[in-house]
Amino acid sequence: MKHIDGIVYKSSSVGETMDAGEDFAKKIAGMNAGIVALYGDLGAGKTCFVKGIAKGFGIAETVNSPTFSIINCYKNGGQQLYHIDAYRLKSAAEILNIGFEDYVSEGICLIEWPEQIEPLISKTAVKVRFTIESETTRTIKVEKA
């Protein structure tokens, strides 16, 4: 995987956020397994970004937030994407009980609300931070890879 630390996207719409996610998918294309931790407030664009990533990986399925299911799985060929929403988890132990370690070793885990399971977020995780600048403007910054 290319060094991607310091990439910054500016978005003024849902479409631009999805486009940023699609571009980001190209940057992580060589990543077979691991964690992409998505940090940001409610409504910052994390799920739209994931939709763009899925599109970038050629996934045709509808991508929805896994708020209640916790984990959604998407596959295209040999690429496995897991979209995880940790918002409702009370502890890291809860996600361990549903096979988190297997997901991380099998595919790319796109995790919304990673703060809820911070002890499980590896030091090698790619961290993406979403900042709400205004009602319509977002800054999306890749901090580490």
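A few remarks follow.
- Kirkwood Rh and Cα Rg combined as Rg over Rh, evaluated for the range 8-144: 0.93
- Legend: ranking of residues SER11, SER69 from fewest to most surrounding C-beta atoms inside 10 Å; resulting order SER69, SER11.
- Estimated from helices alone, the mean residue ellipticity of the chain at 222 nm is -7500 deg cm²/dmol (sum of -39500 (n - 2.57) over DSSP H runs with n ≥ 4, per residue).
- DSSP beta bridges fully contained in the range 8-144 are about 55 percent antiparallel.
- Computed from phi, the 3J(HN,Hα) profile of the range 119-130 under the Karplus parametrisation 6.51, -1.76, 1.60 (θ = phi - 60°) reads x, 9, 7, 5, 5, 8, 5, 7, 10, 10, 10, 9 Hz, with x in place of Gly and Pro.
- Cut-off under 5 Å, modelled amide H: who pairs with GLN80 long-range: ILE108
- 3J(HN,Hα) from dihedral phi, the range 61-70, Karplus parametrisation 6.51/-1.76/1.60, rounded to Hz, x for glycine, proline: 4, 6, 9, 10, 5, x, 3, 9, 7, 6
- Given the chain, longest segment not containing exposed loop trypsin sites (Lys or Arg not before Pro) (DSSP; at most 13 other Cβ within 10 Å): 3-87
- Gain on full extension, evaluated as 0.36 nm per residue between ASN64 and LYS123 minus their Cα-Cα distance, stands at 18.5 nm.
- Computed from backbone phi, the HN-Hα couplings of the range 43-53 come to x, 7, x, 4, 5, 4, 4, 4, 4, x, 4 Hz, rounded to whole numbers (Karplus: 6.51 cos²θ - 1.76 cosθ + 1.60, θ = phi - 60°; Gly and Pro given as x).
- Per-residue extension of 0.36 nm, minus the Cα-Cα distance of TYR87 and VAL14, leaves a gain of 24.1 nm for this segment.
None of the figures in this text is laboratory data; all of them are computed from the coordinates on show. Not measured: the values here are computed from a predicted model. Here Cβ is always computed from backbone atoms with ideal geometry, including for glycine, and neighbour counts include all displayed protein chains.
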